[in-house]
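Engineer: Just passing along the structure, written as structure tokens.
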Amino acid sequence: MFDFPDDQIAQVSLEHNFWTWSAQGGVDPIPVTRAEGVYFWDAHGKRYLDFNSMMMCVNLGHGDPRVIEAIVAQARALPFAHGSMATRPLAELGRLLAHLTPGDMDHFLYTLGGAEANENAIKLARAVTGRHKILTRYRSYHGATAGAMALTGDPRRHSWEPNLMGGVVHFLDPYRYRSTFHRTNPDIPEAEFTRDYLNHLEEIITYEGPGTIAAVMVESVTGTNGILIPPDGYMQGVRALCDKYGILMIADEVMAGFGRTGKWFAVDHWGVVPDLMTMAKGLTSSYLPLGAVGMRPFIAEHFRERVFQSGLTYSGHTLTLAAAVANIKAMMEDDVVGQAAARGVFLRQQLMDLGEKHPSIGDVRSIGLFAGVELVKNRETREPLSPFNQTTEPMKRLRKFCLERGLNIFMHWNVVLIVPPLIITEELLAEGLAVLDEALAIADAEVTE
């Protein structure tokens with residue numbers, strides 16, 4: 001009774017499992033059976049080009065034998081050790097991360113994912129500063145646990161309020177295409193645009209009282225909520241404001257880290273060293289679940305004589321750490337980060353060309369292999385193809401068209417996200433974009449004059 005063929009995977013899964021981010025009656029999962037490189041296959045043998053790295057996380061590509069063999073070898077030698085013990089993968093990963101992370105960051109706390117990493121970053125910030133408020137942006141996503149959901153600015157937190165962590169204050173993102181401050185002067189020079197949003201943040205800091213604020217947390221590049229890339233000077237300005245008021249800066253690199261933007265970490269583009277930095281996803285390319293909080297020496301030093309009253313059963317799990325070590329070494333060996341930077345130049349040009357061709361494309365944003373195409377009904381008014389916090393039928397049809405033609409792609413409201421494995425070639429990028437080119441006819445049909 002427990003055996004069944006692959007073509008029943010979806011049916012049996014639906015009978016017994018509860019699905020996240022979904023109304024249970026509307027779930028229609030792809031029954032995935034295997035994956036390799038930039039592709040995965042369903043139970044019917046259909047192949048998909050993975051333009052979303054599953055969930056913006058399989059940076060190294062699917063099925064790399066170096067990572068798989070490292071997991072197997074570690075499982076044979078020592079599959080688990082208590083978090084208070086020292087192990088070889090623990091030592092190796094710490095040394096690797098200290099080498100790769102920006103500035104003097106050299107201590108790391110391990111979790112099982114990005115949400116837990118963000119939760120622990122907040123605990124550290126509050127403990128070190130003795131303050132309780134955390135400032136985050138409205139178009140942010142930091143995870144689905146109670147604390148991380150409170151940090152999240154987007155509407156996913158609304159369903160769980162008011163039973164979330166207190167002390168979070170949100171501020172506006174420097175979202176150039178839909179700037180709150182510049183609707184009547186959209187062509188404002190970038191330096192002025194940046195200064196206005198830094199002035200906005202400083203005003204919020206003043207109103208809330210600098211002495212009550214433990215940290216400002218930002219996604220280095222906003223991910224799911226539209227691939228919002230900070231303008232020149234913005235991240236440096238946030239760092240300067242934090243220094244001015246004695247506030248810690250936390251960079252959420254869960255999605256943007258490990259080569260996604262063409263550098264090991266997105267903050268490297270702006271030469272900024274945060275006090276705390278959270279990681280997950282690309283840390284192991286999601287071969288196994290792992291998150292981490294990187295911290296500068298003064299953070300770790302605060303707890304030299306003080307107990308950090310927190311922990312996780314699976315913190316420092318040997319298998320997940322071994323996966324991370326092998327993943328990072330493979331990325332270094334193949335110069336995957338350099339490849340992502342080079343492919344990113346090609347991707348941006350291709351997307352700009354699509355923007356010239358399709359009247360439904362209002363804006364294109366990209367950095368490395370981290371891209372968003374914002375779809376609109378009207379370029380003059382910038383009316384979105386899907387309103388805020390909604391997904392309209394044209395967007396659903398667009399995604400269905402792509403899936404039918406073997407292209408796995410992610411959409412959030414009116415933005416198409418393009419987040420392929422970093423090992424993808426220019427030829428395969430062009431192949432996937434050719435499908436998107438066809439699909440955009442659906443969006444073009446919705447354009448009004």
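The values are calculated or read from the model by the stated rules, or taken from the named source; none is laboratory data. These numbers were taken from a predicted model, which means no experiment stands behind them. We place every Cβ from the backbone using ideal geometry, glycine too, and count neighbours over all the protein chains shown.
Engineer: Which numbered condition in (1) touching a Lys or Arg at 6+ places or on another chain (Cβ under 8 Å); (2) under 30 Å from ASN408 (Cβ atoms); (3) not β-branched (Val, Ile, Thr) is the only one that HIS132 fails?
Structural biologist: Just one mismatch for HIS132, condition (2).
Engineer: Just to be sure, is ALA215 of a type in the set (A, V, I, L, M, F, W, C), farther than 21 Å from LEU283 by Cα and surrounded by 17 or more Cβ atoms within 10 Å (Cβ to Cβ)?
Structural biologist: Answer is yes for this residue.
Engineer: Against the condition free of Cβ contacts under 8 Å to residues at least 12 places away in the same chain, in a loop (DSSP other than H, G, I, E, B) and not aliphatic (A, V, I, L, M), how does PRO186 come out, does it pass?
Structural biologist: Against the criterion (free of Cβ contacts under 8 Å to residues at least 12 places away in the same chain, in a loop (DSSP other than H, G, I, E, B) and not aliphatic (A, V, I, L, M)), PRO186 qualifies.
Engineer: Can I ask one more? Quick one: is ALA240 in contact (Cβ under 8 Å) with a residue 60 or more places away in the chain and farther than 20 Å from LEU93 by Cβ?
Structural biologist: no
Engineer: Inside the stretch 428-449, can you point out the residues that are among the acidic types (Asp, Glu) and at pLDDT 95 or above?
Structural biologist: Residues satisfying the conditions are GLU431, ASP437, GLU438, ASP444, GLU446.
Engineer: From the list THR101, THR129, pick out the single residue that is buried (at least 16 other Cβ atoms within 10 Å of the Cβ), in contact with a strand residue (DSSP E or B) (Cβ under 7 Å, 6 or more places away or on another chain), at pLDDT 95 or above and more than 29 Å from THR320 (Cα to Cα).
Structural biologist: Exactly one of THR101, THR129 is buried (at least 16 other Cβ atoms within 10 Å of the Cβ), in contact with a strand residue (DSSP E or B) (Cβ under 7 Å, 6 or more places away or on another chain), at pLDDT 95 or above and more than 29 Å from THR320 (Cα to Cα), namely THR129.
Engineer: Which condition from (1) at pLDDT below 95; (2) touching a Lys or Arg at 6+ places or on another chain (Cβ under 6 Å) is the one that PRO162 breaks?
Structural biologist: Unmet condition: (2).
Engineer: Taking the criterion of being of a type in the set (A, V, I, L, M) and touching a Lys or Arg at 6+ places or on another chain (Cβ under 7 Å), would at least one residue in the stretch 314-334 satisfy it?
Structural biologist: There is at least one residue in the stretch 314-334 that is of a type in the set (A, V, I, L, M) and touching a Lys or Arg at 6+ places or on another chain (Cβ under 7 Å).
Engineer: Criterion first (at pLDDT below 95, of a type in the set (S, T, N, Q) and touching a helix residue (DSSP H, G or I) at 6+ places or on another chain (Cβ under 9 Å)) does SER310 satisfy it?
Structural biologist: Criteria met by SER310.
Engineer: Applying the selection to the stretch 150-159, what residues are within 15 Å of ASN389 (Cβ to Cβ) and either crowded, with 16+ Cβ neighbours inside 10 Å or not polar (S, T, N, Q) (or both)?
Structural biologist: Matches in the stretch 150-159: THR152, GLY153, ASP154, PRO155, ARG156, ARG157, HIS158.
Engineer: Could you figure out which of (1) of a type outside the set (Asp, Glu); (2) exposed (fewer than 15 other Cβ atoms within 10 Å of the Cβ); (3) touching a residue at least 24 places away in the same chain (Cβ under 8 Å) isn't true of ASN163?
Structural biologist: Failed condition: (3).
Engineer: OK, next. What pairs come up if the first residue lies in the stretch 3-25 and is over 22 Å from ALA144 (Cβ atoms), the second is outside any helix (DSSP H, G or I), and their beta carbons are under 6 Å apart, counting only those six or more places apart or on different chains?
Structural biologist: So the pair list comes out as ASP6/THR33; ASP6/ALA43; ASP7/ALA43; ILE9/PRO31; ILE9/ALA43; ALA10/PRO29; ALA10/PRO31; VAL12/PHE4.
Engineer: Out of (1) without any contact (Cβ under 8 Å) to a residue 40 or more places away in the chain; (2) farther than 30 Å from ASP268 by Cβ, what's the single condition that is false for VAL447?
Structural biologist: Condition (1) is where VAL447 drops out.
Engineer: Residues in the stretch 371-378: is at least one under 27 Å from GLU36 (Cα atoms), outside the structural domain of TYR175 (by TED's automatic domain parsing) and not in a strand (DSSP E or B)?
Structural biologist: No, the stretch 371-378 contains no residue that is under 27 Å from GLU36 (Cα atoms), outside the structural domain of TYR175 (by TED's automatic domain parsing) and not in a strand (DSSP E or B).
Engineer: Tell me, please, whether a residue that is exposed (fewer than 12 other Cβ atoms within 10 Å of the Cβ) and either part of a loop (DSSP other than H, G, I, E, B) or modelled with pLDDT under 95 (or both) can be found in the stretch 29-44.
Structural biologist: Yes, that holds for at least one residue.
Engineer: Something else about it: Going through the stretch 381-396 one residue at a time, which ones are surrounded by 14 or more Cβ atoms within 10 Å (Cβ to Cβ) and either more than 12 Å from ASN414 (Cβ to Cβ) or among the hydroxyl-bearing types (Ser, Thr, Tyr) (or both)?
Structural biologist: SER386, THR391, THR392
Engineer: Follow-up. Using the structure shown, decide if PRO174 is out of contact with any helix residue (DSSP H, G or I) (no Cβ under 9 Å at 6 or more places or on another chain) and under 24 Å from GLY226 (Cα atoms).
Structural biologist: no
Engineer: Same structure again: Among (1) surrounded by fewer than 22 Cβ atoms within 10 Å (Cβ to Cβ); (2) closer than 18 Å to ALA434 by Cβ, there is one condition ASN378 misses while meeting the rest; what is its number?
Structural biologist: (2)
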